[in-house]
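Undergrad: The structure that follows is given in the form of structure tokens.
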Amino acid sequence: MIDGLLLALPKGRIARELSPVLSRAGIEPETAFADEHARQLRFATSDPGLGLIQVRSFDVATFVAFGAAQLGVVGNDVLMEFEYREIYAPLDLGIGLCRMVVAEPAELATGDDPSRWSHVRVATKYPQVTRRHFAARGVQAECIKLNGAMELAPGLGLCRRIVDLVGTGATLRANGLVEVEHIADISARLVVNRTALKTRAGELQAWIERFGEAVNGAQAG
């Protein structure tokens, strides 16, 4: 696989939703890839010119940006946070759908007016996106970086508000929180290293087209 292309994929929900897309694109990973408890991180596929690595979603962008992997699949939340210039995102895969929101305790929201905020303290995995969002309307955001369990922060007095990804909203409701602002709609994107796209244009364009056909085929069905 030294001369082959490498596709970086995330673990978890996106990986599960991506499985039929990979099949339609003609990519069948080796059996161990489907084992969520496997310690293996690099996998062969049915295509001798393509291998896979499976890493954390934030790390997908890093592997692709620095050219260790030529292709990847990652949520646009990660792309918004890091803004890597080395990454080109030609295709929305239409999976991993959710939204990035500002949330706060329900009892606070009943008398709160976000348009009157001048300073907020926020727990989030996305400090850069959060600061830009609030700065756009003149609000100073003090961000507390957490990698998970954001919903605990208001109840434990760490902060009054959080910025996080929300699907159904069930986790927010279970922790007494409600959405008060929408930041962005999120989905998974196919990403490509820009340098590799110049030096290996034929190979990478072919894969972009195959993924595009796989996505269009699912939508048509």
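Undergrad: Residues of the stretch 82-96 with the amide nitrogen closer than 17 Å to a label point 7 Å from the Cα of Arg194, along Cα-to-Cβ, please.
TA: Of the residues in the stretch 82-96, 82-91 have backbone N under 17 Å from the label point off Arg194.
Undergrad: For Glu181, list long-range residues whose amide hydrogen, built 1.01 Å from N in the peptide plane, is under 5 Å from its own amide hydrogen.
TA: Under 5 Å from the amide H of Glu181: Val102.
Undergrad: Need one number: the % of Cα-Cα pairs in the chain sitting beyond the 24 Å mark.
TA: Beyond 24 Å sits 48 percent of the P(r) for the chain.
Undergrad: Ok, one more. In a solvent-free Debye calculation with one equal scatterer on each Cα, what is log10 I(q)/I(0) for the stretch 124-181 at q = 0.21, 0.22, 0.26 Å⁻¹, listed in the order of the q values?
TA: The Cα Debye sum returns log10 ratios of -0.84, -0.91, -1.19.
Undergrad: How long is the gain from Leu152 to Arg132 if the chain were fully straight, where each residue apart is worth 0.36 nm and the alpha carbon distance is subtracted?
TA: Contour length minus Cα-Cα distance gives 4.8 nm.
Undergrad: Testing the spin-label approximation: label points 7 Å from Cα along Cα→Cβ at Ala109 and Ala201. State their distance in nm.
TA: Placing both labels 7 Å beyond Cα along the Cβ direction yields 5.0 nm.
Undergrad: Here's another thing I want to ask about it. For Ala170 and Arg121, what is the calculated FRET efficiency with R₀ set at 30 Å and r taken between the beta-carbons, to the nearest 0.05?
TA: 0.75
Undergrad: Still on this model: Nearest 20 debye, what's the magnitude of the dipole of the chain about its Cα centre given +1 on Lys and Arg Cβ and -1 on Asp and Glu Cβ?
TA: 440 debye
Undergrad: Okay, next question. Along the three principal axes, how long is the stretch 94-221 when you take its alpha carbons, biggest first, rounded to the nearest angstrom?
TA: On the principal axes, the stretch 94-221 reaches 56, 33, 25 Å in Cα extent.
Undergrad: Pairs of alpha-carbon atoms within less than 8 angstrom and 6+ residues apart define the contacts here; what relative contact order does the chain have, in percent?
TA: 27 percent
Undergrad: Among 163-169, 153-159, how do they line up by average Cβ neighbours within 10 Å per residue, starting with the highest?
TA: Order by mean packing, descending: 163-169, 153-159.
No lab work stands behind these numbers, since they all come straight from the coordinates. A quick note: this is a predicted structure, and the numbers were derived from the prediction, not measured. Methodologically, a virtual Cβ is constructed for each residue, glycine included, from the backbone with ideal geometry; neighbour enumeration extends over all protein chains shown.
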